[in-house]
1. So what is the relative contact order of the chain, in percent, for Cα pairs below 8 Å that sit 6 or more residues apart?
2. Would you kindly derive the ³J(HN,Hα) couplings of region 56-61 from the backbone phi angles with the Karplus curve 6.51 cos²θ - 1.76 cosθ + 1.60 (θ = phi - 60°), listing them in order in whole Hz, with x for Gly and Pro?
3. Helix 24-41 versus the longest principal axis of the chain: what angle, 0 to 90°, nearest 10, using Cα atoms?
4. Quick one: which residues, 5 or more positions from Gln81 or on another chain, have an amide H under 5 Å from its amide H? H modelled 1.01 Å from N in the peptide plane, none for Pro or chain starts.
5. Within region 16-79, report the trypsin sites (Lys or Arg not before Pro) that DSSP leaves as loop and that have at most 13 other Cβ atoms within 10 Å.
6. Angle check, please: helix 149-165 long axis (alpha carbons) against the longest principal axis of the chain (alpha carbons), in degrees 0 to 90, nearest 10.
7. In whole Hz, with x marking every Gly and Pro, tabulate ³J(HN,Hα) for region 103-110 from phi via Karplus 6.51 cos²θ - 1.76 cosθ + 1.60, θ = phi - 60°.
8. Carbon and sulfur together cover what percent of the accessible area of the chain at a 1.4 Å probe radius?
Amino acid sequence: MTAPDAPPPEAQAPDWPEGRFAGRQTFQDLLVQGLQCAAERGCRTVWLCDPDFGDWPLGERRLVAALDRWCATTRVSPVAQIRVMGQSFADMRLRHARFVQWRGLWAHRVQVRAWSAGQDRLPSVLWTPEWVLQRVDTDRDQVVATTDPGQRTAVGERLQQLWQMARPAL
């Protein structure tokens, strides 16, 4: 039995995936699932960070659909934004044309910055205020997904520091 003021089960947001995972396809699936959860939960801030987004599924319909859903669920918030940070966007238009087109439509909500290649390597992260997915070993596609407040805070603060030193891009 649920509390009288609790939303019906079908209206409740999905749970965030948590744990250690391995494999490129699993990583890509978790990115899409994470964006879907961010949309359903109405997360006002989402970070996408990777050196080059080479193996992110940014050009796939399912990911762009999740981003569209996020835009729809957060449209009433004037401060809702997605921040994208990478070291190289040279191949973005070719590899992820669907994302580049989508970003053009939502440029007022999607900020993109480039981090200088001469500086430290960027982490590979999807971050929200409630959850973080971080690739801890890019060679073996090892990722950690967590809702742990300490992890979220540490990663969020690091992204914020890097963002301040990056320049507008794309």
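The values are calculated or read from the model by the stated rules, or taken from the named source; none is laboratory data. Quantities reported herein were computed from a predicted structural model and do not represent experimental measurements. All Cβ positions, glycine included, derive from the backbone under ideal geometry; neighbour counts span all protein chains shown. Surface areas here come from the heavy atoms of the whole protein model, side chains and all, with no ligands, DNA or RNA. Shrake-Rupley method; radii C 1.70, N 1.55, O 1.52, S 1.80 Å.
1. Values: 278 pairs, mean separation 46.1, N = 170.
So the answer I get is 27 percent.
2. Calculated HN-Hα couplings, in order: 7, x, 5, x, 7, 4 Hz.
3. 50 degrees
4. Amide H neighbours of Gln81, under 5 Å, 5+ apart: Thr45, Val46.
5. Working: sites: Arg20, Arg24, Arg41, Arg44, Arg61, Arg62, Arg69, Arg75; in loops: Arg44, Arg75.
Here the sparse-neighbourhood loop sites are Arg75.
6. Between helix and principal axis, roughly 40 degrees.
7. Computed from phi, the couplings for region 103-110 are 4, x, 6, 10, 4, 6, 10, 10 Hz.
8. Details: 4300 of 8910 Å².
About 48 percent, which is the carbon plus sulfur part of the accessible surface.
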